[in-house]
């Protein structure tokens, strides 16, 4: 139970930090975020009650459902700033790419739950199935376009592949895949995404265009000092100099108002969750339990590291949000489902001495 308690406390504190920031920079977002959090908690409770042993066999059904939602998003989705990422269902907006994260985790684990066969021909067949399974949602998200979420999906699929392979075959298959995918490295990238990568080197080359986000974000972070300007006294987010202030760049707003102390606290909370997941994976006795916990750890580490690095100006802008902290009901739902899967594994008696 210790792992569940640590993750729960850290998660609720991150959610509280997010609500606190919304009160400062976007008060109208507080109530929708609270309602989304309540719904997400209920959904997570259902997943936890079902248990991982009942959820894992449904992985392929969930995978097909997510692919349908991603396709419908491309056809019927709401277009904003050149991207079709949200599917309107009644009075709600669903971002299917967020649900794809826990679903892809389960689907790829389901593929390799029995290990990789010793026969080379069977290995190749399984590898082809794995690549198709991992790259299909990646491609559908990439062409929305949503490079940030696509990279998170790639990280999840890549980690499950790497950690499931026997060490002797790992290097060989990694080289084969790298050579095969190298010609496709720029496939699917839109012009503005390539310009963002270029502006990362020198954001002041286009300060009012592709470099604007990075410049405003670093100004916000740099002006925060040790303890910040004070809650509600930040200028970059409050005066809307910083775009996407409640989603992609909420960390910059937080550091501006709460300073280095607030930023370190948030990073520490994420570190606790990631650390607990990896520690649970080390203690796991079953292959699928180890893959689930380590996969969740990699997903959270990758997404938070990319977002925070982007806010600090040390990585290109890719449009990745901070789980639990950034505004968004779909992101909260995805996080709740993911943590419920982790709790289910940690509560499993076969986990050994952990908990």
Would you mind computing, in nm to one decimal, how far apart the modelled labels at residue 31 and residue 129 are, each placed 7 Å from Cα along Cα→Cβ?
5.0 nm
When N counts the residues of the stretch 1-153, how does its alpha-carbon radius of gyration compare numerically with 2.2 N^0.38 Å, as a ratio?
1.23
Taking the number of other C-beta atoms within 10 Å as the exposure measure, put 45, 299, 116 in order starting with the fewest.
45, 116, 299
According to a simple spin-label model (label point 7 Å from Cα along Cα-to-Cβ), what is the distance in nm between residue 74 and residue 279?
4.3 nm
For the pair residue 261 and residue 1, how long in nm is the line joining their label points, each one 7 Å along Cα→Cβ?
3.4 nm
So what's the convex hull volume per residue for the Cα atoms of the stretch 2-349, in Å³?
140 Å³
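Just so you know, all these numbers are worked out from the coordinates, no wet-lab data involved. Nothing here was measured: the structure is a model prediction, and the numbers come from that model. So basically every Cβ, Gly included, is an ideal-geometry build from the backbone, and we count neighbours across all protein chains shown.
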